[in-house]
Each structure stands twice: as structure tokens, then as C-alpha cells.
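For reference, the structure is listed below as C-alpha cells.
The values are calculated or read from the model by the stated rules, or taken from the named source; none is laboratory data. Quick caveat: nothing in here was measured; it's all calculated off a predicted structure. Cβ: placed from backbone, ideal geometry, glycine included. Neighbour counts: every protein chain shown.
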Amino acid sequence: MNAKLVNFAAAAALLLGGTFLTAQTPVKDPAKRILGGGTVSILTETLCEDVEGYMGPTPLDIRIKKDTIVDIIALTNEETPAYFAKATKVLEKWIGLTPKEGLELEVDAITGATFSSDALIANVKAGLKKALEKPKED
């Protein structure tokens with residue numbers, strides 16, 4: 001009987017402790033993740049819900065390490081593969097820049113894939129804006 005009471009008390013303490021910790025933990029930003037090695041990943045899916053290429057949304061995963069854009073990965077989309085491959089060439093222009101430099105960069109759309117490349121440019125700009133946001137304080 002005594003063992004059951006101890007187990008119940010321990011379970012209640014864990015449950016209450018977990019509830020308290022959950023209530024105090026800030027909600028994570030779905031658009032910003034910290035990856036291994038200090039790389040920050042900015043996902044534009046929720047940042048650019050109204051931005052569309054020729055066939056729909058063109059979300060990106062922008063990778064930033066030590067204040068330098070190291071990679072921009074196109075995520076799943078419905079664009080025509082041949083045109084989209086052409087449009088993704090525009091992403092190379094930001095590699096090696098800081099987010100601030102990238103946000104200031106003026107980039108033209110790729111001829112022949114204008115809708116897709118315009119959407120990619122808008123996604124990059126929104127992602128870099130998010131990267132430069134200061135964390136919100138409680």
C-alpha cells in the first residue's frame with residue numbers, strides 16, 4: 001500500500017512538473033530551426049503562403065551559418081521540373097552573403113521561368129527578413 005502511494009506521488013510530481021515546464025516554455029517558431037553545427041534553417045512555407053509560382057507555392061529552406069547564407073534548398077512544389085530547374089539558378093546569387101546583404105540584393109527574374117523565379121525571390125526575401133528578426137522577449 002505504501003509503495004502505491006509513493007508511486008502515485010512520484011507520478012503526480014512528474015505530471016505537474018511537466019505541465020509547469022510546458023507552460024513556461026515559449027512556443028517555437030515553425031519557420032526557424034537550429035540545426036547541428038549552429039546552422040539556422042529558415043522555412044518559408046508559413047512565411048509566404050500567398051506567394052505562388054506558375055503552378056503554386058515554391059517554399060524554400062534557407063540555411064545560414066555564422067551569419068552567412070550557405071545553402072538554399074527548394075522544397076516540394078508543383079512547378080514544371082524543367083522550368084523550375086531554370087528558375088532555381090536565381091538562388092545561387094545569395095550564397096555567401098550575409099542575410100542583411102541578401103535582403104538588400106536586387107535580383108531579376110529568370111527569363112522563361114518568370115513566375116517561378118519571382119516566387120523564389122519573394123521566398124528568399126521573406127526568409128531573410130525572418131532571419132534578421134530579433135527574438136521576441138516575454
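Here are the numbers for the structure shown:
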| item | result |
| --- | --- |
| Cβ pairs under 6 Å, 6+ apart, first in region 68-87 and under 18 Å from LYS129 (Cα atoms), second charged (D, E, K, R) and surrounded by 13 or more Cβ atoms within 10 Å (Cβ to Cβ) | VAL70/ARG63; ASP71/ARG63; ILE73/ASP61 |
| Single residue of region 97-123 satisfying the filter (of a type in the set (Gly, Ala, Ser) and under 18 Å from the mean Cα position of the chain (by Cα)) that is surrounded by the fewest Cβ atoms within 10 Å (Cβ to Cβ) | ALA122 |
| Residue check for LYS136: surrounded by fewer than 15 Cβ atoms within 10 Å (Cβ to Cβ) and modelled with pLDDT under 95 | yes |
| THR39 vs. criteria at pLDDT 85 or above and surrounded by 13 or more Cβ atoms within 10 Å (Cβ to Cβ) | yes |
| Of all residues making up region 42-67, the number that are under 14 Å from VAL124 (Cβ atoms) and without any contact (Cβ under 8 Å) to a residue 24 or more places away in the chain | 1 |
| Condition check for GLU101: under 16 Å from ARG33 (Cα atoms), without any contact (Cβ under 8 Å) to a residue 12 or more places away in the chain and of a type outside the set (Lys, Arg) | no |
